[in-house]
Amino acid sequence: MNAHLGYLGDQHAQRLVPAESIVRLEKVSKTFPGRDGQPVTALQEVSLAVPQGSILGVIGRSGAGKSTLIRLVNGLEKPTAGKVIVDGSDIAALPEAALRHARRSIGMIFQHFNLLSSRTAAQNIALPLEVAGYDKAEIKARVEELLALVGLTDKRNRYPSELSGGQKQRVGIARALATKPKVLLSDEATSALDPETTRSILDLLARINHELGLTILLITHEMAVIRNIAREVAVIEGGRIVEQGDVFEVFTRPQHEVTRSFLADESGRALPPYVQNRLTPEATPGSQAVIRIGFRGPHATDPVLARLARDLNIETNILSGSVDEIAGRPFGTLVVGVPEQVLGTTLDFLNKHGLDTEVLGHVA
Amino acid sequence: MSPEMINLIANSTGETLYMVAVAALIATAFGLPLGVFLATSGKGELFAAPWVNRVIGVIVNATRSTPFIILVVAIIPFTRLIAGTSIGTNAAIVPLTIAATPFIARLIEGAIREVDQGLIEAARAFGATPLQIVRKVLIPEALPGIVLGLTLAVVSLLGFSAMVGAVGGGGLGDLGIRYGYQRFMPDMMLAVVVVLIVLVQAVQTIGDRLARHLNKRIRHA
């Protein structure tokens with residue numbers, strides 16, 4: 001693939017001022033003793049900073065090391081090398097008692113909810129407070145507050161077996177927030193839920209982030225999760241972070257193969273089979289060049305193909321297209337075919353108009 | 001059936017219940033922490049002490065593989081030390097307790113190992129100490145399994161208690177052997193068996209009901 005990446009929109013300039021990071025991983029490596037004596041490397045020199053109040057998503061295939069990464073942040077795993085700084089203290093260096101205390105300011109939610117089946121919704125939410133030694137009246141008041149926050153006041157006396165997946169995760173979220181943490185870790189929290197429930201849980205997380213100013217670090221293998229709520233993303237593969245930055249930037253201009261493969265799962269990115277099957281890397285006599293055009297931000301709605309036809313008299317052949325929203329901003333993708341002889345002119349024209357272009361190949 | 005016979009049966013039933021109840025209580029008091037320890041002290045677990053775990057495991061297995069009647073006789077000096085005598089109902093409680101403790105420990109270990117590891121992880125994540133995890137997570141979550149295990153242990157103790165006649169422990173089993181078998185009174189034998197069946201049924205039914213009541217994993221209609 002041949003990427004033509006020009007022009008960097010100045011609308012993202014405000015990102016250059018870094019917010020203070022509340023979670024910081026510095027060259028963290030983690031190796032596990034393997035079954036056959038051969039050590040297994042889960043993470044290699046991973047550095048990551050989560051700005052205060054942001055939502056950072058780490059996306060990766062299973063086995064990429066994302067579970068290990070999130071467990072390092074609350075000390076469920078210890079790094080083999082490197083530092084894990086949360087709210088100013090090195091989690092990896094804390095003695096057990098101090099670590100337990102630090103964990104009260106780091107909430108965590110799980111893919112399979114991990115609620116106690118023997119406790120009701122309210123009792124599950126109360127558990128971290130009991131453990132932290134709050135008195136009964138305080139616990140009662142705080143639990144009511146949390147039930148209201150997650151919209152489960154009427155389910156307070158239900159056992160987890162009587163709740164739906166989405167309701168269970170709401171209890172999980174309320175439990176994670178019980179001790180008023182500064183950071184929330186989300187370990188594939190929506191992976192066991194259907195798309196509609198996923199949406200409502202993500203909305204809840206976004207609301208909590210917004211209203212409570214809670215920093216959220218989430219790991220997922222689902223592109224939709226990142227696209228819907230994350231502001232920053234890190235792509236992890238083989239224990240290394242291969243790409244990171246603003247979600248819109250990363251997903252509209254993916255640099256790494258893995259990032260592209262996640263995008264390919266999304267509608268509009270994958271080429272229709274009738275084009276894909278005929279695609280060749282080299283131009284042949286009479287072939288057309290296939291270009292992917294990315295419309296970002298302010299250009300997402302420009303009638304650029306019409307202008308191409310009017311100003312340069314170039315006819316394009318639309319092969320596929322879509323308009324999506326990434327991190328709350330519109331992003332359009334259009335795959336078009338143009339005659340080989342005007343490829344250069346077309347690319348120049350499109351780039352001049354602030355659009356991203358990528359030559360995918362040629363079809364006869 | 002003569003009034004004397006009914007009296008004998010009533011007395012023996014009382015002795016059996018007394019021996020089994022006291023032995024079950026003491027064995028649970030020892031077996032519960034032992035079972036919790038066995039379930040949580042493996043490599044990489046909450047109270048990781050793999051060597052101690054292995055040693056205790058061997059002792060538990062050794063006790064469990066000794067036939068009960070041999071255990072009763074073998075520990076007579078120990079019984080005398082604890083109960084002050086080696087004969088009688090109180091003395092019989094000592095071997096019953098010693099036989100039941102490792103059995104109960106293994107049953108409780110099994111029940112606790114059934115608890116989802118994710119719950120331990122969640123509890124660690126919100127800052128619970130290992131002891132809090134045992135008290136507030138493992139035991140409550142394993143409770144239905146623990147109750148079923150204890151039910152099984154009590155039923156087994158009813159069986160074991162039939163053998164303590166060997167040291168003058170009394171009870172229903174002893175009555176059955178001395179009257180039913182040695183004096184050839186089939187009606188006495190039948191009565192003893194019937195009472196034991198009723199006792200086992202009662203214990204099992206109560207245990208099952210209690211376990212079901214405690215189990216919130218299943219939606220109750």
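Observations
- Spacing of the modelled spin labels on A:PHE32 and B:ASP187, each 7 Å from Cα toward Cβ, amounts to 7.0 nm.
- Distant-in-sequence amide contacts of A:SER29, defined by a placed amide H-H separation under 5 Å and a gap of 5 or more residues or a different chain, comprise A:GLU45, A:VAL46, A:THR80, A:ALA81, A:GLY82.
- Residue pairs, from the table A:LYS180/B:LYS43; A:LYS140/B:LYS136; A:LYS155/B:LYS136; B:LYS43/B:LYS136; A:LYS180/B:LYS136, whose Cα atoms sit over 27 Å apart: A:LYS180/B:LYS43
- Cα-based helix-to-principal-axis angle, A:121-131 vs chain A, degrees rounded to 10: 70 degrees
- For chain A, calculated [θ]222 nm from helices alone, where every DSSP H run of n ≥ 4 adds -39500 (n - 2.57): -9000 deg cm²/dmol
- Scanning residues 5 or more positions from A:LEU116 or on other chains, none has an amide H under 5 Å from its amide H, with H placed 1.01 Å from N in the peptide plane.
- For segment A:191-304: accessible area per residue (Å², 1.4 Å): 43 Å²
- Residues with amide H under 5 Å from that of A:THR190, placed H, sequence gap 5 or more: none
- Solvent-accessible area lost on pairing B with A (1.4 Å probe, both sides summed) amounts to about 2100 Å².
- Between the Cα long axis of helix A:343-352 and the first principal axis of chain A there is an angle of about 50°, rounded to the nearest 10.
- 10 Å Cβ neighbours from other chains, averaged over peptide A:119-125: 1
- With R₀ set to 56 Å, the beta-carbon distance separating B:ASP208 from A:ILE318 gives a calculated FRET efficiency near 0.20.
- With all protein chains modelled, accessible area of A:LYS155 [1.4 Å, Å²]: 50 Å²
- Cα shape, segment A:148-191, gyration tensor, a/c 1.5 rule: oblate
- Protein accessible area in the protein assembly as shown, 1.4 Å probe - carbon and sulfur %: 58 percent
- Residues in segment B:63-103 that a label on B:ARG178 would reach, taking backbone N under 18 Å of a point 7 Å out along Cα→Cβ: B:86-93
- 1.4 Å probe, heavy atoms, protein only - residues of segment A:82-108 losing at least 30 Å² accessible area vs chain alone: A:ARG100, A:ARG103
- Note on A:ALA192/A:ARG307: beta-carbon distance plugged into 1/(1 + (r/R0)^6) with R0 of 56 Å gives a FRET efficiency of 0.75.
- Modelled spin labels at A:VAL242 and A:ASP135, positioned 7 Å past Cα toward Cβ, are 5.6 nm from each other.
- As a calculated quantity, the FRET efficiency between B:ASN11 and B:LEU131 at R0 = 41 Å, using C-beta atoms, amounts to about 0.35.
- Approximate spin-label separation A:ALA93-B:LYS43, in nm, with each point projected 7 Å along Cα-to-Cβ: 3.1 nm
- Within segment B:127-146, backbone nitrogen closer than 20 Å to the virtual label 7 Å beyond the Cα of B:ALA29 toward Cβ: none
- Heavy atoms of the protein chains alone define the surface here; on that basis segment B:17-169 has 44 Å² accessible area per residue at 1.4 Å probe size.
- For B:THR151, the shell of other residues with beta-carbons less than 13 Å away shows a net charge of +1, using +1 for Lys and Arg and -1 for Asp and Glu.
- Among the protein heavy atoms, those of B:PHE37 account for about 60 Å² of accessible surface (1.4 Å probe, every chain in place).
- Within the protein assembly as shown, percent of DSSP bridges classed antiparallel, to nearest 5: 70 percent
- Surface accessible to a 1.4 Å probe, A:THR280 within the full protein complex, Å²: 60 Å²
- Helix runs (DSSP H) in chain B reaching 20 Å along axis by Cα, Kyte-Doolittle at least 0.0: B:3-40, B:50-65, B:89-113, B:139-160, B:186-214
The values are calculated or read from the model by the stated rules, or taken from the named source; none is laboratory data. Here the structure is a predicted model, which is why all the values come from computation and not from measurement. Every residue, glycine among them, receives a Cβ derived from its backbone with ideal geometry; neighbour counts consider all protein chains shown. What goes into the accessible areas is simple: the full protein's heavy atoms, side chains included, and nothing from ligands, DNA or RNA. Shrake-Rupley method; radii C 1.70, N 1.55, O 1.52, S 1.80 Å.
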